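What follows is calculated from the coordinates using simple rules that are stated; it is not laboratory data. None of these values were measured; they are calculated from a predicted model. Please note: Cβ atoms are built from the backbone with ideal geometry, for glycine as well, and neighbour counts cover all protein chains shown.
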Amino acid sequence: MRVLVPALLAAGLLAGCSSDAKIVAGTQQSVVVQFDGKDLTQAMERATAYCGTLGKQASLQGVAEKNNDSIATFSCV
């Protein structure tokens with residue numbers, strides 16, 4: 001139940017955000033965000049919101065290209 005509450009809070013918080021960035025995976029330790037283009041700002045905002053619901057901060061681990069999209073991986077620390 002402890003994991004479910006932050007996940008539901010994150011889903012609700014992120015559903016209210018309007019951007020092209022979307023979370024494709026998330027755990028207690030990390031989050032992966034897909035975004036269009038080279039601007040990491042929206043991905044960072046999504047990751048910051050997600051990790052924030054866990055009482056943690058987002059830390060960028062890397063960015064990769066996949067099918068004309070960018071994938072950013074963040075640690076929640």
Item checked: Distance between modelled label sites at Val24 and Asn68, nm, 7 Å Cα→Cβ extension -> 1.5
Margin query: Below 12 angstrom from the Cβ of Ala21, what's the summed charge of the other residues (Lys, Arg +1; Asp, Glu -1)?
Written below: -3
Check: By per-residue mean of other Cβ atoms within 10 Å, what is the highest-first order of 30-43, 61-74?
Finding: 30-43, 61-74
